[in-house]
């Protein structure tokens, strides 16, 4: 178990006053609580983050049921952070901190963003400046590694200046902390959410992140060990996130189809993740609608014959690049990230 | 090993070759030619904010041609999306009315404050369009998208509303001596074509463009150069969302703004115009990778002032560019080339233009800037330069622009309802933040003790001021006011 790892997770879906005080002013999201819950599940999983439950400091909109005061607000967030900080300072020295956030967000400049809190309103945009807290932890060096995943818009909106950390800075000179930051959107773009293959709403970034951490982003190192590294996760997120967007979203100049990354030190996020293989249907042109085809992987290793029926082919694949060839000379190549249910070669 | 050759039609297209496990294998701009192990690869090309992809099986030498990539822009340029023929034709046909007949001009000159038409050496085109999803083509009851737009003096005084109030207005502008007495208003069928605009002659100089956005307006500087026409295109999202609900801020929202400066008519099929917009997005997204190729085009051109400005800033991005990509491109900052591009651009805009001062620094004895620059990076450069030239950016200019908008790469500021209260809150917020930062810095770094009581050494005070300029995006004049 990763006994010395800790996590701070926040997911805000309900924003009752984000549009003002009118009865229809709520600007709720549908993904953030699902995203935060999924990330916490991964953190707890023995074959995932393997973080002790007591080290996970999470707060989501679901902790504030209808009828209760709206939350999380600043106090809820700072209380959790205070508890985390106290636990982090206690010996032994901690290895890794995960910060995961999801909700309505803002960007101040590239790789500097934050989250609006549940009581945010046009006249009082209460917020949690995620990047500044992340940098605070880097300066304080309580951890050997700090990992940030931020699933929120990075547009500047109407916020004049984000709130600063509620702690005084601590600087631990000469003590290096490795860091990896991943943002759902480039500055000043927007992030999106949608209904995913599991039937639930998720942020496109968070869903791709979840798949990547579950093993879709795993690579094999020169020693033959499978692992999800910062590099492999970045490459996977770039390839996958836009596949979870609609065509209209991909064409919208305000929406960022690429995530953004930084700082970016080498880190290994998951050692030996579970095998990741998913079913997918490949749609074929008429010429090979019922043909027996040859399946090859990215290195042209022959994976054996597969037989199509009525123009479609049911396969179970690991993420990667593949080619199908027929004896008649037809060839179709495709990419599979694990999130596609159907791939058309027609 | 087989050779892969990829060639993109777009001059600024970034090309990525992705190998197994999604890892980047190669990258380039416009053209890429590499020997690679046989295998399956994904070829991606990115232009502005759109991309093209193809998965290929590389068994032998292979050539890939990438067609022009459609991207979304406020300008209805060829090969951009959200454009159709009526928009392109209207944008190309828009032109100011011809100069008045001599007897009419003479009569007009008798009006107090009138200025001879000969002094209206520049011209201005404005076109606003509604943005709707590409599949939403049904006729709708749209209002005039230009409503709320105005052209103001550099200091912010309203000169001319950019929408026609009613038919009775005719072609008259009645906008004072800087703007010609007549304008050409144009509009399509608002239900289907969804555009409107205006074209007129005006005196060259710096103006403020004010555009309706949400519950207020956003403003930014635009430049009218003598002998040139400034083309401004605004793309708007309606004031209701996809479900028909009113937006949170109750107003239509600006999606994109595109500015071109051309010798008169702007050809919608012009390659330079398309590159200019691609460069605008590259600068907005801080993608400096297209720079070398872009500058190959920019350096010899004097017919695309905005492209020169974007190109110079894209070059500067290279100086402090950090990339997390696993495959780096060999693009280096070339000070000689930067100087050449910046100087060419300065020749067009003038050495005292705020964007040029930001690029090249103030000349000895230069006066304080009274109008903000057009580009965000110009603004941040001016702030940095204010460390040595405190008068360069005054507290009133900072206050005027204190509530920022997100219209990168332009420097735009919001003027919401109750702007006075919001600006006062921003003042208080900045004062509190600077003092808190000073307290922290003095506590953590012994060299800085005395920051708050004024006993800190000058070198430390200067260093702290530099940090504040970066951290709070405020000029030295404002930081000095807070620190006393």
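The values are calculated or read from the model by the stated rules, or taken from the named source; none is laboratory data. Everything quoted here is computed from the prediction, not taken from an experiment. Positions of Cβ are generated from backbone atoms using ideal geometry, with glycine treated the same way; all protein chains shown enter the neighbour counts.
Only one of B:431, B:470, B:441 is surrounded by 19 or more Cβ atoms within 10 Å (Cβ to Cβ), in a helix (DSSP H, G or I) and in contact with a helix residue (DSSP H, G or I) (Cβ under 9 Å, 6 or more places away or on another chain); which?
On the way: B:431 fails: surrounded by 19 or more Cβ atoms within 10 Å (Cβ to Cβ); B:470 fails: surrounded by 19 or more Cβ atoms within 10 Å (Cβ to Cβ).
Only one candidate passes the filter, namely B:441.
Under the condition of being part of a strand (DSSP E or B) and over 18 Å from residue A:277 (Cα atoms), which residue from segment A:306-323 is nearest to the other protein chains (Cβ to nearest Cβ)? Only one residue fits best here, namely A:312. Go over the candidates A:209, A:200, A:213 one by one and state the one that is surrounded by 24 or more Cβ atoms within 10 Å (Cβ to Cβ), farther than 18 Å from residue B:20 by Cα and more than 10 Å from every other protein chain (Cβ to nearest Cβ). None of the others qualify; the one that does is A:209.
Per-residue answers, yes or no, for (1) in contact with a strand residue (DSSP E or B) (Cβ under 9 Å, 6 or more places away or on another chain); (2) in the same structural domain as residue B:157 (by TED's automatic domain parsing); (3) farther than 14 Å from residue B:218 by Cα:
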residue	(1), (2), (3)
B:359	no, no, yes
B:368	no, no, yes
B:373	yes, no, yes
B:391	no, no, yes
B:398	no, no, yes
B:405	yes, no, no
B:429	no, no, yes
B:434	no, no, yes
B:441	no, no, yes
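From the list B:375, B:403, the one residue that fits, being more than 13 Å from chain A (Cβ to nearest Cβ) and in contact with a helix residue (DSSP H, G or I) (Cβ under 9 Å, 6 or more places away or on another chain), is B:375.
Given the structure, is residue B:387 away from every other protein chain (no Cβ under 14 Å) and closer than 28 Å to residue A:187 by Cα?
On the way: away from every other protein chain (no Cβ under 14 Å): yes; closer than 28 Å to residue A:187 by Cα: yes.
So residue B:387 fits the description; yes.
Residues in segment B:156-177 that are at pLDDT 90 or above, surrounded by fewer than 19 Cβ atoms within 10 Å (Cβ to Cβ) and either out of contact with any strand residue (DSSP E or B) (no Cβ under 6 Å at 6 or more places or on another chain) or in a loop (DSSP other than H, G, I, E, B) (or both): B:156, B:157. Screening segment B:21-62 for residues that are in a loop (DSSP other than H, G, I, E, B) and crowded, with 20+ Cβ neighbours inside 10 Å and picking the one that is farthest from the other protein chains (Cβ to nearest Cβ) gives B:30.
Only one of A:28, A:24 is out of contact with any strand residue (DSSP E or B) (no Cβ under 8 Å at 6 or more places or on another chain), in a loop (DSSP other than H, G, I, E, B) and either modelled with pLDDT under 95 or surrounded by 22 or more Cβ atoms within 10 Å (Cβ to Cβ) (or both). Can you tell me which? Talk me through it step by step, then tell me what you get.
On the way: A:24 fails: out of contact with any strand residue (DSSP E or B) (no Cβ under 8 Å at 6 or more places or on another chain).
Result of the check over A:28, A:24: A:28.
Any idea which of B:152, B:129 is surrounded by fewer than 20 Cβ atoms within 10 Å (Cβ to Cβ), at pLDDT 85 or above and in contact with a strand residue (DSSP E or B) (Cβ under 6 Å, 6 or more places away or on another chain)? The unique qualifying residue is B:152. Checked against the criterion of being assigned to a loop (DSSP other than H, G, I, E, B), within 9 Å of chain B (Cβ to nearest Cβ) and free of Cβ contacts under 8 Å to residues at least 40 places away in the same chain, segment A:172-191 has no qualifying residue.
Counting only residues that are under 20 Å from the mean Cα position of the chain (by Cα) and not in a loop (DSSP other than H, G, I, E, B), segment A:127-158 holds 14 of them. Report whether or not residue B:372 is in contact (Cβ under 8 Å) with a residue 60 or more places away in the chain and surrounded by fewer than 18 Cβ atoms within 10 Å (Cβ to Cβ). For residue B:372, the condition - in contact (Cβ under 8 Å) with a residue 60 or more places away in the chain and surrounded by fewer than 18 Cβ atoms within 10 Å (Cβ to Cβ) - is not met. Which of the residues belonging to segment B:178-208 are surrounded by fewer than 22 Cβ atoms within 10 Å (Cβ to Cβ) and in a loop (DSSP other than H, G, I, E, B)? Hits for segment B:178-208 are B:178, B:188, B:189, B:190, B:191, B:192, B:193, B:203, B:204.
The residues of segment A:234-251 that are free of Cβ contacts under 8 Å to residues at least 24 places away in the same chain, buried (at least 17 other Cβ atoms within 10 Å of the Cβ) and over 18 Å from residue A:338 (Cα atoms) amount to a single one, A:251.
Provide a single number: the residues in segment A:95-130 that are farther than 22 Å from residue A:13 by Cα and at pLDDT below 95.
Of the residues in segment A:95-130, the ones farther than 22 Å from residue A:13 by Cα are A:95-97, A:109-111.
This time we only want the ones that are at pLDDT below 95, so: A:109-111.
Of the residues in segment A:95-130, 3 are farther than 22 Å from residue A:13 by Cα and at pLDDT below 95.
Of the residues contained in segment B:413-427, one or more are found to be within 10 Å of chain A (Cβ to nearest Cβ), farther than 30 Å from residue B:286 by Cβ and outside any loop (DSSP other than H, G, I, E, B). Check whether at least one residue in segment A:163-171 is within 14 Å of another protein chain (Cβ to nearest Cβ), in contact (Cβ under 8 Å) with a residue 60 or more places away in the chain and crowded, with 17+ Cβ neighbours inside 10 Å, and report yes or no. There is at least one residue in segment A:163-171 that is within 14 Å of another protein chain (Cβ to nearest Cβ), in contact (Cβ under 8 Å) with a residue 60 or more places away in the chain and crowded, with 17+ Cβ neighbours inside 10 Å. Beta carbons closer than 7 Å, at least 6 apart along the sequence or on distinct chains, pair a first residue in segment A:314-332 that is surrounded by 16 or more Cβ atoms within 10 Å (Cβ to Cβ) with a second that is at pLDDT below 95 for A:320/B:20; A:320/B:21; A:321/B:20.
What are the residues in segment A:4-20 that are in a loop (DSSP other than H, G, I, E, B) and farther than 14 Å from residue A:39 by Cα, if any?
Residues satisfying the conditions are A:4, A:13, A:14, A:15, A:16, A:17, A:18, A:19, A:20.
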